[in-house]
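The values are calculated or read from the model by the stated rules, or taken from the named source; none is laboratory data. Values in this document were obtained by computation on a predicted structure and should not be read as measured data. SASA here: full protein model, heavy atoms, side chains in, ligands and nucleic acids out. Shrake-Rupley method; radii C 1.70, N 1.55, O 1.52, S 1.80 Å.
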Amino acid sequence: LYTIVVRCRALLEEDLGLQLEGAYGVHGDGRVEPLAGLAHLDAVGRADRRAVEAALRHFATAGGNRQQAVERIVRESAYTVLNRLAALKLMEHLSRALIQPSVGAGDRSRGFTQLALVSPEAMRSQPDGGYRRYLELLCDDLARIPVLTGLFDRSLPTSLLFPTQPCLHEVLSLLNDPQIEAAWGEDETIGWIYQYFTPAELRDQARKASSAPRNSYELAFRNQ
């Protein structure tokens, strides 16, 4: 599980980082292109870009420079995606069967294929055949359950980015590896994913910089 989580983290951080730069003009070195120059963004895209800027200011204020703030947005966005996919894997597992199978077979999962049969036109209009839209609708539905709102709420800034189709396919292939099938029957798996996701170098860097956590973010990953 450790190797798979680390690989997923690398895939997602690279993919989402490229999207943050290409779509929203926010570069890995902390440079932010003027919004006026991003002519490809529509009204929704511009609103999303402003939300990214607000998140950058928040993370920079919490500790770190602009480059570190960008790194944190990418890292937390990647973790949000991975955490949701893992939660869906746990929920669809035969030992729980809380939702229709949705990620275990990717876009061939029964939950998605059933929705595609019911609403073929809505799905067909989507670039990827509707699988991303299906996952978003599923998250929105689960977010209505109070205890799950924090996990599936797509209004958060860390939900603005979604992996490209090739990246999502590769991540799901890793999560669906038969070698870790038993992990999805264990409730503790979601906690292990959190522990494995946090880069060891980040913990080491924080501990060298200060003997005690300097903010709530450090408190979380230093004492996980």
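Within the range 31-98, the percentage of alpha carbon pairs spaced more than 21 angstrom apart rounds to 46%.
Over all directions, the average projected area of the alpha-carbon convex hull for the chain comes to how many nm²?
On the way: hull surface 52.2 nm².
Taking the Cα atoms of the chain, their convex hull projects to 13.0 nm² on average.
Multiplying each eigenvalue of the alpha-carbon gyration tensor of the range 63-195 by 5 and taking the square root yields semi-axes of 24, 20, 15 Å, largest first, rounded to whole angstroms. Using a 1.4 angstrom probe on heavy atoms only, work out the carbon and sulfur share of the accessible area of the chain in %. After summing per-atom areas, the C and S share lands at 54 percent. Relative to the current alpha-carbon distance between ASP141 and ASP42, full extension at 0.36 nm per residue lengthens the span by 33.0 nm.
With every protein chain kept in place and ligands, DNA and RNA left out, what is the accessible area per residue of the range 1-62? Probe 1.4 Å, answer in Å².
53 Å²
Taken over the C-alpha atoms, the range 123-165 has Rg and Dmax values of 11.4, 33 angstrom.
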